[in-house]
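Okay, so here's the structure we're looking at.
The values are calculated or read from the model by the stated rules, or taken from the named source; none is laboratory data. Computed from a predicted structure; not experimentally measured. As a convention, Cβ positions derive from the backbone with ideal geometry for all residues, glycine included, and neighbour counts pool all protein chains shown.
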Amino acid sequence: MTAVLSTDVAVMMWFLVGMPAVKIRDALEFAHKQLFISEELDNPNMRAESYLNLARSHQRLGGLERALSYARHSLYNECEQCATAGHVHLTVGSVYVELAGFNKALDSFQHAHRIAQTVHDRALELQVYLGLSELFSRLQDADKSATYASKAYDMSRSLQLGDLNSRDHRSALLQMASALRKQGELGDAQDYCSEATRLALVSGDQATYARSIRIMGDIYRKKLDINKAFRQYETAMGSAAAMGDRVIQMESMDGAARCLEALRLQHKICNCRPLEFNARLLEVASSVGAKLLVRTIRIRLSQIYQALGDEEQKLHHERIALRLQKELDLTCGGCESPYGLESDSLEALPCTHILHARCAYELFRKNKKSKKRTCPECDKSSSRLYLNCNDYNSYSPVPLSICSSDSHCTTHHVTSSV
Ligand SMILES: [Zn+2]
Ligand SMILES: [Zn+2]
């Protein structure tokens, strides 16, 4: 009986990990079955893993609170220093990035990073850097986002982990594309993105494919080719909807909304379509709980209502945007002014509080003699920055054409040997 069950689990795990094109609802069903079997076998490790799979599936379905709750269940069943616990912390971190709980995200990533180093899980470490790159991208620090993306990308090329490696490599390529776009390096961004699209198609990785199409839309939008960008977003929306990936769907809709906004400001379309589209997007983003995006949509809506001459609605959305901004509490403890709402250099401390980079350096300079450096927010003393991130502040992107030939070979090996 036990042997049969174990084989089933092995097949299921292959299904979950090895088949990226699987629909999320199917993945969810398998995770529930896996949980059932783990209960039958009374196997806490397997239970922890099934809760992790449930958390990941709910994250992609946009059920972020449920994802957090499953992640907590996973940790109850797992030793704090196991690789699975590391992946749980990673998942919690990315869920908090989506919820705009950046301090909590930094805390979870720090836990995951510590475990990755303890158990020498290079793939986990790479994924932590991807998470941090995304976090600083949301907070509009393009350089720090690029630093972490580049670190992940370098690791993805040196890792020799077979299938998992190539999936991490695709994610790293995409994160590089996204970071380079934010830095205005559109040519390089396009190269990285096309490569990710190509590899995603070769391996049938639908999630990376949809994300790459969306990021290519961002690149076209930055190149002011709005029509091409819009078509990319439409494709990404369709692909995400087919998978049931609500988060990618929401991100693609936001891209489309930005295109409509550009066309509206150029007087190429009237106010009706952007109004209707943003209202729909607001519903999705609110149900997911993506507060930073909700704030952006409210600001867009207030501007559209202003153009329509509807002062009452304009003020209504403005007020909510302001209230959200206060709730997010993105205030630098050094200078008491907001961070993360426009592009700037940031630093985080090990206590996970975020400051403007200049305020963090000032803090360290000021307290140099007294030796005791304390965070202005929580008074915890810290002798270093978050994850020692100043160690790799010197960052220079390598053009894809020079560095990717060896990684292509690795990928072809992996694909042909399967
Ligand atoms: Zn500051
Ligand atoms: Zn602090």
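Can you list the helices (runs of 4 or more DSSP H) lying wholly within the range 274-367 that have 3 or more residues being within 16 Å of ligand 2 (Cβ to nearest atom) and surrounded by 17 or more Cβ atoms within 10 Å (Cβ to Cβ)? Can you show your working first?
On the way: elements: 291-308, 311-328, 357-366.
Helices (runs of 4 or more DSSP H) meeting the threshold: 357-366.
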Residue pairs meeting the criteria (Cβ under 6 Å; at least 6 apart or on separate chains; first farther than 20 Å from Thr118 by Cα and in contact (Cβ under 8 Å) with a residue 12 or more places away in the chain, in the range 67-79; second part of a helix (DSSP H, G or I) and among the small types (Gly, Ala, Ser)): Ala67/Ala55; Tyr70/Ala55; Ala71/Ala55
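Please pick out the residue among Glu134, Glu125, Glu98 that is without any contact (Cβ under 8 Å) to a residue 60 or more places away in the chain, closer than 30 Å to Leu324 by Cβ and among the acidic types (Asp, Glu). Break it down into steps so the answer makes sense when it comes.
Values: Glu125 fails: closer than 30 Å to Leu324 by Cβ; Glu98 fails: without any contact (Cβ under 8 Å) to a residue 60 or more places away in the chain.
Answer to the check: Glu134.
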Show the residue pairs meeting these rules: Cβ distance below 8 Å; 6+ apart or different chains; first residue within the range 178-200 and free of Cβ contacts under 8 Å to residues at least 24 places away in the same chain; second residue buried (at least 23 other Cβ atoms within 10 Å of the Cβ). Ser194/Met216; Thr197/Tyr209; Thr197/Ser212; Thr197/Ile213; Thr197/Met216
For the structure I just gave you, tell me whether Lys144 is buried (at least 24 other Cβ atoms within 10 Å of the Cβ), within 29 Å of Leu330 (Cα to Cα) and among the charged types (D, E, K, R). yes
Of (1) closer than 29 Å to Glu65 by Cβ; (2) modelled with pLDDT under 95, Gly204 fails just (1)
Any hit, the range 84-101, residues being over 18 Å from Leu135 (Cα atoms) and part of a loop (DSSP other than H, G, I, E, B): no
Filter the range 101-114 down to residues that are under 22 Å from His58 (Cβ atoms), surrounded by fewer than 24 Cβ atoms within 10 Å (Cβ to Cβ) and touching a residue at least 24 places away in the same chain (Cβ under 8 Å), then give me how many there are. 3
Gly187 fails exactly one of the following numbered conditions: (1) buried (at least 24 other Cβ atoms within 10 Å of the Cβ); (2) of a type in the set (Gly, Ala, Ser); (3) out of contact with any Asp or Glu (no Cβ under 8 Å at 6 or more places or on another chain). What is the number of that condition? (1)
